[in-house]
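Trainee: This is the structure I have questions about; it appears just below.
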Amino acid sequence: MREHKLNNMRKGSAWIIAIVSIVVVIALVLILVFTLNGKEDKEPIPFNPVCGDGNCSISEGCYTCPEDCKCNENNYCSETEDSCVGPVCGNGVCESFESWDNCCEDCECIVDGEICDNETHSCHMPDFGLEKSEVESIVRSYYASQGRTILNLTISGIMFWEGAYGMPADVLVDNETNLEYILVREDGSIEILPFF
């Protein structure tokens, strides 16, 4: 009895495998028929990219065909790679999109005395040993010692003058029509500067 059940199961399994195989073969034949239907009478479309057609093809680049292959605002066209690349700060080359203000490692600082900050990648004057309030006090004492009254005093940021740093100030003194331009050094000394 047991053998009889096993034989029936084997026969049923064989039928299932045969039916599934036939369905798979029919599906493959239908796929081939629909895929190939009508293809034999059509000409292949030639691939002839033309610079200026508005399409950036694989054989074109931003340098050889800038009409079709444009770089976005954060990249520039590399002549050597003929592709759009982003600037690489720190590679020793001052590239497009780089300047003293965003990559001073590659593009030198343009203002005398500025130093390159490798964290912010920008140029700036170094820290000055005196605060603006200290500079104001030094300037007021200087003019008071000469018996002159300051009407207006404007203190600017740090500047580099004749090999040293200082904080410049515009001074308008009572009974005088011209401003005086002075520079206070870190040691508290004062220089009268030419007015440019």
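Read-outs throughout are calculated quantities, based only on the coordinates presented, and are distinct from any laboratory measurement. Since this is a predicted model, take the numbers as computed values, not measurements. All Cβ positions, glycine included, derive from the backbone under ideal geometry; neighbour counts span all protein chains shown.
Trainee: In whole angstrom, how far apart do the alpha carbon centroids of region 68-127 and region 128-196 sit?
Mentor: If we compute the Cα centre of each part, the gap is 36 Å.
Trainee: In whole Hz, with x marking every Gly and Pro, tabulate ³J(HN,Hα) for region 69-77 from phi via Karplus 6.51 cos²θ - 1.76 cosθ + 1.60, θ = phi - 60°.
Mentor: Working through the residues one at a time gives 10, 9, 8, 6, 5, 9, 10, 9, 8 Hz.
Trainee: Quick one: Debye curve from the alpha-carbon atoms of region 100-196 only, equal weights, vacuum; give me log10 I(q)/I(0) at q = 0.11, 0.16, 0.18, 0.22 Å⁻¹ to two decimals.
Mentor: So the normalised log intensities work out to -0.39, -0.71, -0.82, -1.06.
Trainee: Could you give me the ³J(HN,Hα) list for region 102-112, computed from phi with Karplus coefficients 6.51, -1.76, 1.60 and θ = phi - 60°, whole Hz, x at Gly and Pro?
Mentor: Rounded to whole hertz, the list is 10, 7, 6, 5, 9, 10, 4, 5, 9, 9, 3.
Trainee: Next up: Could you tally the net charge around F195, taking each other residue with its Cβ under 11 Å from the Cβ of F195, Lys/Arg +1 and Asp/Glu -1?
Mentor: -2
Trainee: Give the long-range amide H neighbours of C62: residues separated by 5 or more places, or on another chain, with amide H under 5 Å away, using H modelled in the peptide plane at 1.01 Å from N.
Mentor: The answer is S83, C84.
Trainee: Would you pull out the residues with amide H under 5 Å of D106's amide H, same chain only if 5 or more places away, H placed 1.01 Å from N?
Mentor: Amide H to amide H, under 5 Å and 5 or more residues apart or across chains, D106 pairs with G90.
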